[in-house]
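What follows is a set of notes on a single structure, which appears directly below.
Just so it is clear, none of the values below were taken in a lab; they were calculated from the coordinates. As the structure is a computational prediction, the values presented were derived from the model and not from experiment. Here the Cβ positions follow ideal geometry from the backbone for every residue, glycine too, while neighbour counts run over all protein chains shown.
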Amino acid sequence: MATQATAPDQAFTYRRSPTAMEAFDAWLKEHGQDLPRHTEKWDVSRSDIYVEDKWQPIFAAMRAEAPINKVTESPYGAYWNVSTVKTIQHVESLPELYSSSWQYGGITIGDPPPDIDPAVLAERQLPMFIAMDRPEHTGQRRTVAPAFTPGEIAFMEAEVRERTAATLDTLPFGEQFDWVDKVSIELTTGMLAILFGFPWKDRRLLTYWSDWAGDVELGLARELIDVRHEILLEMGHYFQRLWVERSGAEPSRDLISMMLHSDAMNHMSPQEFMGNLVLLIVGGNDTTRNTMSGIVHALDQFPDQRALFEADPSVIPNGVQECIRYVTPLAHMRRTATADADLFGHQISKGDKLILWYLSANRDETVFDNPDKLILNRENARRHVAFGYGIHRCVGARLAELQLKILLEEMHKRRMRVHVTGKVERVRANFVHGFRKLETTIERF
Ligand code: HEM
């Protein structure tokens, strides 16, 4: 049973550097030239197109010429590109045929290193329900879903608003600062700390761990895979402490306590419990963080939309959906075919890897008029697929929407106009889509 954890050593020291990106940058400098090349026209796994923000015309051409196509060789092996709303929703509506299971390779384009011992791989595997199929997926999703009901979200609203207001009130007007660090990371880790009842002073560890856990490109660097494993063990150690504390206490409203005291917990191994915690941290971290950065960047790029936001805050709820569409903080999810199949005339073989490019589908011109433009009152903004579709659709969507809505409302109350005035650095990745740095200056409108 899952609740039989023993208390780990309290004096343990958790590392806080280097960040995953620093480690990968250093590794690339030394080994970049040894990586397999991207040689094929539609190989959109190359991260330069995301870090340099030049993916838009490539995907537009793909949607027009070959919305489903096969890349036969890439650093991630062969894979199918699936690039429109209709084709992605079709794949996601057949979860038995197109599996999310870690046993076939999971939910990102990266595969485990071919030279890894299967026993070591199985031992390192953190089972998460995002990378499981039915029926296991259903049972485990149910353990966390109660934390995201409308009632629970409403309960969190006051605290999220208070923290957001306090963070915005620390920002200097008229002075340049990094929005990613001072606002996006601060608010996202703060929200996760509230959700888990995580010790406030250590909340930046959540960002540190999440970055290591979620960096797909890191999988290209063999040595860093081992470092990642060590760091995830440290995270497990920390959560085990919280687990021991909470399992001996009265049930409370935080997610760890909720999971520990749920019926499904009796059927979950300690590894599964830990895996699902990691999933919630990674799921809630980069995504919301990058949307918070993407929103201010987009409002600065589209002054007419900023003027609309300033003149009429009633556009905020729909505007949040539009910003999520426009930013699309997770570029893709992956599925693996469990049998031969016909996909809109393409012959998919059992074992084939399909990459569902949400980033492209959210620019699908057959669904969204003028898709490269931010339009806060776009009528069908809600049709975006940034949260996925079907049985795995994001469980934290309501919480993310709440946070983003509150951020925009509190910015509006303070009459904050944010200008991008300095460095803009994007994430070098084909999975997480967002900003590493965004230097901004605020004035009052
Ligand atoms: C703008 C913010 C967010 C975006 C764009 C986003 C996006 C996604 C996507 C694309 C998926 C996979 C869907 C699929 O395979 O069909 C997903 C699943 C998930 N997300 Fe989010 N997410 C966001 C925020 C959050 C937050 C705040 C949390 C929790 C704190 C969270 C937790 C999860 C979990 C647990 C899953 C797995 C669901 C399942 O497999 O059933 N996400 N999210």
Amide H to amide H, which residues 5 or more places from Leu343 or on other chains are under 5 Å from it, using H placed in the peptide plane?
Ile348
Could you work out the pair-distance distribution P(r) of region 1-108 from its alpha-carbon pairs, with 5 angstrom bin width and percents rounded to whole numbers?
2, 8, 12, 15, 15, 13, 11, 8, 7, 5, 2, 0
So which residue, out of Gly283, Gly422, Gly396, gets the largest mean-square fluctuation from a GNM of the chain using Cα contacts under 10 Å as springs?
Gly422
Calculate one ³J(HN,Hα) per residue across region 45-50 by plugging θ = phi - 60° into the Karplus curve 6.51 cos²θ - 1.76 cosθ + 1.60, and present them in order as whole Hz with x for glycine and proline.
7, 6, 7, 4, 6, 8
Coil-residue trypsin sites (Lys or Arg not before Pro) of region 369-445, DSSP, other Cβ within 10 Å capped at 16
Lys373, Arg393, Arg414, Arg415
Take every DSSP beta bridge whose two residues both sit in the chain, then give the antiparallel share in percent to the nearest 5.
85 percent
Rank-order 285-296, 346-357 by packing density, defined as the average count of other C-beta atoms within 10 Å over each peptide's residues, highest first.
285-296, 346-357
Could you tell me how far the Cα centroid of region 141-161 sits from the Cα centroid of region 345-365, in Å?
32 Å
Where in the chain lies the longest segment free of GluC sites (Glu not before Pro) that are both loop residues by DSSP (not H, G, I, E, B) and have at most 12 other Cβ atoms within 10 Å?
176-378
In this model, which of Lys41/Lys353; Lys353/Lys373; Lys29/Lys437; Lys70/Lys437; Lys353/Lys437 are farther than 26 Å apart at the alpha-carbon?
Lys353/Lys373; Lys70/Lys437; Lys353/Lys437
Any idea what Rg and Dmax come out to for region 152-231 if you just take the C-alpha atoms, in Å?
15.8, 45
Going by amide H atoms built from the backbone, whose H comes under 5 Å of the H on Met416, apart from near neighbours?
Phe445
Report, in debye and to the nearest 20, how large the dipole of region 327-400 comes out about its Cα centre when Lys and Arg carry +1 and Asp and Glu carry -1 on their Cβ.
380 debye
Where does region 301-427 land on Rg/Rh, using Cα atoms and the Kirkwood Rh?
1.06
Which helices, taking whole DSSP H runs in the chain, have alpha carbons extending 30 angstrom or more along the helix axis plus mean Kyte-Doolittle at least 0.0?
270-301
Expressed in nanometres to one decimal, the distance between label points 7 Å along Cα→Cβ at Leu94 and Arg253 is 4.4 nm
Grab the Cα-Cα distance for Ala119 and Asp372, subtract it from 0.36 nm times how many residues apart they are, and report the gain in nm with one decimal.
86.4 nm
